[in-house]
Amino acid sequence: MIMTISKTGANPILLWFRKDLRLDDNHALQAAATSGRPVIPIYIREPEEDGSGPLGGAQEWWLHHSLAALQLALGTLNSRLTLRQGDALAVLDKLIAETGAGAIVWNRRYDPAGIAADTQIKKALRDNGIEAESFAGQLLHEPMRLRTGGGSHYKTYTPFWRAFEQSGEPPFPIEAPETLPAPSHWPKSDTLDAWSLLPTKPNWATAFPQMWTPGEAAAQEKLRDFIDGAVDGYAVERDFPDKPATSLLSPHLALGEISPARIWHATRGLPDNIAKDNVVRFRKELVWREFCYHQLFHFPKLRTENWNDRYDGFPWLPDAELLRRWQRGQTGYPIVDAGMRQLWRHGWMHNRVRMITASFLIKDLLIDWRDGEAWFRDTLVDADPAANTANWQWVAGSGADASPFFRIFNPVLQGEKFDPDGGYVRTFVPELADLDRKYIHRPFEAPDDVLKGAGIELGKHYPRPIIDHAMARRCALAAHASLKDDG
Ligand code: FAD
């Protein structure tokens, strides 16, 4: 049911942007715009941003630019964005007192702390006579909507996907309003620069702008590019990190610069020459995102606890030096190092390589998946409380519908299969750029003259493997065998 805001009051409405930094397909914005009341758009930098802790460094970079883009976009509607920081309810109370606002609208979030905070805020505001309404918009279907025949939530993806398919088309996206009524006085706003979201000493984000343009307009353009190009071939090519075959929409989705409904409906009615497999495969990935939120919603401890408690006694081997080598892309396995360096350079990593690097940390190094999740959360521009944790648990074997633990990626074979020419490795591990294709994923097996010809001295220019994969695999299986059975 679409909630509405009363149109009788003349006092302003606060429009609270959170992870929905867009004008398009924004139901809270629509409700405010059609109320006929003055609208005051606000963004609050909360101490616990998404409820799972403050945003990571890479996503703060994105947030800075995204808010700047939203400010400009609101300007075209003769409106502006008021920035404040602090505890959300305290900030809202203050803004209500300053502006005389009588109503507030927002789009819902689904992380556990976000839900708890919003429930409390809505009640407190309503108790004080303020209208408070929330709307859907972060997902295609809200996580409470799809239920199994027995009324419970889904624990495996395939039935979830089937239920999704049978639940009808997700709602059609709505257009952005053309104008927003302004209040007679604008409240004071923090300046974006005062929030110091951008890294300075050192500025580790120098290469981000080569790859990314945050903001709604860029998100829409990226969607158009994908629909006009890479979607044709997506089903096969999406696994090859050297090919521009995926949509690159994840960071835009993470801060809500584009809605999943806008993306979903853009894949309808494509020309017949685009094989249907491509569209289905792409939609299935969007629904994986939904499934991750479904898991987080129904198992709020997903970030800190194993979905499958059989893994609670897993004998991890914490090792700060090995963790650091993995983080820096200095493991001696080129595909792992290329992935970790892509992450550091661009704040993003290809999905196939995320799986390989995560498997390497968990199963070769026996380091707790939570350490990997934390590193990704800090370094990914698309860090997402549901997708990150659910995928780490998927690789670890502890998650819902997880990859079986014994599926241990061999980093050499994975590299040879998915980066056969080594183009991806050569881009992100330039010290191996001149190495023969035959050895690009196994430099430690290259004869001395081949290494010499490529200008590489192992241990000096590029590390020897920090662990022997075959031995590590045996240790991982033994560690897994020590867990008590599911019963
Ligand atoms: P496309 O292939 O174009 O897919 C379209 C969209 O579908 C993506 O933007 C994303 O929203 C969704 N999607 C695709 N694959 C997945 C998936 N496996 N799980 C959930 N949603 C998916 N994705 C995040 O958005 N944030 C994260 O923090 C995150 N952490 C990950 C951690 C690990 C260990 C792994 C293995 C995967 C993680 N993913 C995460 C999923 C996936 O790697 C990215 O969504 C994808 O690489 C984004 O690139 P794209 O937009 O080009 O994807």
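The values are calculated or read from the model by the stated rules, or taken from the named source; none is laboratory data. It should be emphasised that the depicted structure is a prediction, and the values quoted were computed from it without experimental measurement. So basically every Cβ, Gly included, is an ideal-geometry build from the backbone, and we count neighbours across all protein chains shown. Just so you know, the surface numbers come from the protein's heavy atoms only, side chains and all, with ligands and any DNA or RNA stripped out. Shrake-Rupley method; radii C 1.70, N 1.55, O 1.52, S 1.80 Å.
Using a simple charge model, +1 on the beta-carbon of Lys and Arg, -1 on the beta-carbon of Asp and Glu, nothing else, what dipole does the chain show about its Cα centre, in debye to the nearest 20?
So the dipole magnitude of the chain works out to roughly 400 debye.
From the square roots a ≥ b ≥ c of the eigenvalues of the alpha-carbon gyration tensor of the stretch 5-157, which class results: rounded (a/c under 1.5), prolate (a/b over b/c), or oblate?
prolate
Taking H placed 1.01 Å from N in the peptide plane, check which residues at least 5 places from ILE13 or on another chain put their amide H under 5 Å from its amide H.
Counting only residues 5 or more places away or on other chains, the set is VAL39, ILE40.
Per residue of the stretch 155-167, what does 6.51 cos²θ - 1.76 cosθ + 1.60 with θ = phi - 60° give for ³J(HN,Hα)? Whole Hz please, x for Gly and Pro, Karplus curve as stated.
10, 10, 6, 4, x, 4, 4, 4, 4, 4, 4, 7, 8
Just from its helices, what would the mean residue ellipticity at 222 nm be for the chain, if runs of 4 or more DSSP H residues each count -39500 (n - 2.57) and the sum is divided by every residue, rounded to the nearest 500 deg cm²/dmol?
-12500 deg cm²/dmol
Using a 7 Å offset from Cα along Cα-Cβ at ARG268, what residues in the stretch 220-240 end up with backbone N under 11 Å from the label point?
No residue qualifies, since no backbone N sits under 11 Å from the label point.
Regarding the chain, what is the average projected area of its C-alpha convex hull, in nm²?
Average projection, Cα convex hull of the chain: 24.7 nm².
How large is the translational diffusion coefficient of the stretch 309-481 in µm² per second when you combine the Kirkwood radius over alpha carbon pairs with Stokes-Einstein at 37 °C and 0.692 mPa s?
Diffusion coefficient, whole number: 201 µm²/s.
At a 1.4 Å probe radius, carbon and sulfur cover how many percent of the accessible area of the chain?
On the chain, the fraction of accessible area on carbon and sulfur atoms equals 52 percent.
Based on the Cα coordinates of the stretch 205-361, what is the per residue volume of their convex hull in Å³?
Expressed per residue, the convex hull around the Cα atoms of the stretch 205-361 is 146 Å³.
For the chain, which span is the longest to avoid every loop-located (per DSSP) member of GluC sites (Glu not before Pro) having at most 12 other Cβ atoms inside 10 Å?
Result, exposed sites excluded: 179-456.
Just to check I understand the Karplus step: with θ = phi - 60° and J = 6.51 cos²θ - 1.76 cosθ + 1.60, what whole-Hz values come out for the stretch 265-276, glycine and proline as x?
Karplus values, whole Hz, x for Gly and Pro: 6, 5, 8, 8, x, 6, x, 4, 6, 8, 4, 4.
Apply the Karplus parameterisation 6.51 cos²θ - 1.76 cosθ + 1.60, with θ equal to phi minus 60°, to every residue of the stretch 281-290 and state each ³J(HN,Hα) to the nearest whole Hz, in sequence, with x for glycine and proline.
Karplus-based 3J(HN,Hα) across the stretch 281-290 equals 4, 5, 4, 4, 5, 4, 6, 4, 4, 4 Hz.
According to the square roots a ≥ b ≥ c of the eigenvalues of the Cα gyration tensor, what is the shape class of the stretch 97-198, taking rounded for a/c under 1.5, prolate for a/b larger than b/c otherwise, and oblate for the remainder?
Prolate is the answer for the stretch 97-198, as a/c is 1.5 or above and a/b outweighs b/c.
Quick check for you: with a 1.4 Å probe and neighbouring chains kept, what is the accessible area per residue of the stretch 233-387, in Å²?
Value for the stretch 233-387: 35 Å² per residue.
Trypsin sites (Lys or Arg not before Pro), restricted to the stretch 420-481: which are DSSP loop and have at most 13 other Cβ atoms within 10 Å?
Here the sparse-neighbourhood loop sites are LYS460.
Relative contact order of the chain, please, whole-number percent, based on alpha carbon pairs below 8 angstrom and at least 6 residues apart.
17
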